[in-house]
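What follows is one structure encoded as structure tokens, with my remarks underneath.
The values are calculated or read from the model by the stated rules, or taken from the named source; none is laboratory data. Since the model is a prediction, treat every value here as computed from it, not as a measurement. Methodologically, a virtual Cβ is constructed for each residue, glycine included, from the backbone with ideal geometry; neighbour enumeration extends over all protein chains shown. Note: accessible area is taken over every heavy atom of the protein model, side chains too, but ligands, DNA and RNA are not part of it. Shrake-Rupley method; radii C 1.70, N 1.55, O 1.52, S 1.80 Å.
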Amino acid sequence: MKVSAETKLFLSASEKVGFDKEHRKKIKFNISKYDDAVSEGIKLYRNIELAKDRAGHIKYKVVNELDQYLIEFEDKFLKNGGKIIWARDANEAVKEIIKLINNKNAKTVVKSKSMTTEEIELNEALEKNGVDVVETDLGEFIVQQAGQKPYHIVTPAMHLSKEDVASLYHEKFQTEENLSPEELTSYTRDLLRNKFINADIGISGANFLLTDIGGIAVTENEGNAFLSMSFPKIHIAIAGIEKIIPGIKDLDLFWPLLATHGTGQHLTVYNSIITGPKKNGEKDGPEEMYLVLIDNGRTQLLSKERQRQALTCIRCGACLNACPVYKNIGGHTYNTTYSGPIGAVITPHLKDFKTYKHLSFASSLCGKCTTVCPVKIPLHELLLVNRNDAVKNGYVPFSEKQSMKWATRGLKSRKLTNIISGKTKNKFAGMFASKSWGNRRTFPKIADKSFNELWKEKKD
Ligand code: SF4
């Protein structure tokens, strides 16, 4: 099997970014601030392991009974006056959303942060259809202005320093050079306020779908999601089908876990529960509410007995911040919506396994991702399961298959291993192994003498 273009792209980008000192400096600085905040934040718990066990158990139960939960949720949500659009894939979701926007003759959209909308590339599709769409989360707004994709699932502009942002604003909006973070925020707030007032439609994601009350829960720090959901006359929420939890009572477990592991806060600043459009007599809220529930490869992941546990992810981003690979190569290198360890586990299933399986090999398997995960997904083990699937399906290069075949044959036989001289072994290692070892490391030299000879010498 040939190495895919996506793999080559990943390897060349890793090589470039991994040695970009400026990039490393910014990421190191931002992740160290995150680490400090999280170690303070989790002091909230008397028994953090118990909370993680409970959360993981609840989510895993729901994932295993997803069909029943979704039916119940739909029933309640419809009774609340909302409408549901089921989408099998990104195309279907985008088509339905555009149809809805056109039917309403809407021209302007305010959007709050949502990785699911990134996954279906909604902004690009809306812009192509002449819709003015603006991201209202500060980090998302910054990367949108920079013409980039989010760098991280929680902190989209983590790779930019305050100086980078000031110079971006200067270029884009002709603001004064070197504005402070406060001035930049204030400028953005003024600009967005107008957008909120004039928007036809508000689009949001959903952190959790609450089965018992048929509502969505959204958590954020800036109040922009709250405004996106309540100011415009129409609210469209978009969520993956795995976002479901049993009910409103579970939020006392999930909201603090998400906040402590996502940003180190005990609780994020604004937490909203939306149960459909505004009711008779209510002053605030949209007149219509739609929820687009997306599969887009999730049922494919669900069909995998081991890897389905990754559907319990609550998108806190902790595994990205903990990962030594992510910290070196950064979020954009993955060239996928979900990066880092969780991205490496789920992307091959959400997209095309053959094309994206290389991501599961981009790990040191140190297990730090598993340790920090608030729902205890055994990420490093699932990476190994993906690797195993890749090998079983024959998705590895011919040279690798051959070298593994010969290495297995040789290593299984002491006689064969001893017969081959050290010189020949080194020659084979040079041919097959040293390339993947990388040109910055020297492949260890195999001893000239056999193991038996060395053993004998040591004993004598
Ligand atoms: S896998 Fe775990 S640590 Fe990573 S984003 Fe999901 S919940 Fe957070």
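Quick look at the numbers
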| read-out | value |
| --- | --- |
| Of residues in region 319-333 being within 15 Å of the ligand (Cβ to nearest atom) and in a helix (DSSP H, G or I), the one surrounded by the fewest Cβ atoms within 10 Å (Cβ to Cβ) | Pro324 |
| Restricting region 198-238 to residues that are among the hydroxyl-bearing types (Ser, Thr, Tyr) and farther than 19 Å from Ala55 by Cα, the residue that is surrounded by the fewest Cβ atoms within 10 Å (Cβ to Cβ) | Ser230 |
| Residue identified as part of a helix (DSSP H, G or I) and within 25 Å of Ile120 (Cα to Cα) among Phe29, Phe10 | Phe10 |
| Checking Gly394 against (1) assigned to a helix (DSSP H, G or I); (2) in contact with a helix residue (DSSP H, G or I) (Cβ under 8 Å, 6 or more places away or on another chain), the condition it does not meet | (1) |
| Filtered residues of region 334-356 (kept if assigned to a helix (DSSP H, G or I), open to solvent by 10 Å² or more (accessible area, probe 1.4 Å) and not aromatic (Phe, Trp, Tyr)) | Leu350, Lys354, Thr355 |
| Flag if Thr370 is near the ligand (Cβ under 9 Å from one of its atoms) and at pLDDT 95 or above | yes |
| Any hit, region 391-407, residues being over 30 Å from Ala322 (Cβ atoms), open to solvent by 50 Å² or more (accessible area, probe 1.4 Å), over 27 Å from the mean Cα position of the chain (by Cα) and among the acidic types (Asp, Glu) | no |
| Meets criteria (over 28 Å from Asn296 (Cα atoms), over 20 Å from the mean Cα position of the chain (by Cα) and crowded, with 17+ Cβ neighbours inside 10 Å) for Leu179 | yes |
| Filtered residues of region 358-388 (kept if more than 16 Å from the chain's Cα centre (by Cα) and either open to solvent by less than 20 Å² (accessible area, probe 1.4 Å) or under 21 Å from Lys401 (Cβ atoms) (or both)) | His358, Phe361, Gly367, Leu384, Val385, Asn386, Arg387, Asn388 |
| Only listed residue being within 14 Å of the ligand (Cβ to nearest atom), β-branched (Val, Ile, Thr) and surrounded by 22 or more Cβ atoms within 10 Å (Cβ to Cβ), chosen from Ile241, Ile245, Ile274 | Ile245 |
| Condition check for Ser399: more than 14 Å from the ligand (Cβ to nearest atom), closer than 27 Å to Cys316 by Cα and among the polar types (S, T, N, Q) | no |
| Every pair of residues 6+ apart whose Cβ atoms lie under 6 Å, when the first sits in region 143-162 and is assigned to a loop (DSSP other than H, G, I, E, B) while the second is of a type in the set (Asp, Glu) and open to solvent by less than 20 Å² (accessible area, probe 1.4 Å) | Pro156/Glu140 |
| Subset of region 43-70 [out of contact with any strand residue (DSSP E or B) (no Cβ under 6 Å at 6 or more places or on another chain), hydrophobic (A, V, I, L, M, F, W, C) and at pLDDT 95 or above] | Ile48, Leu50, Ala51, Ala55, Ile58, Val63, Leu66, Leu70 |
| Some residue of region 205-216 being modelled with pLDDT of 95 or more and over 22 Å from Glu65 (Cα atoms) | yes |
| Qualifying residue in region 344-357 (condition: aromatic (Phe, Trp, Tyr) and within 14 Å of the ligand (Cβ to nearest atom)) | no |
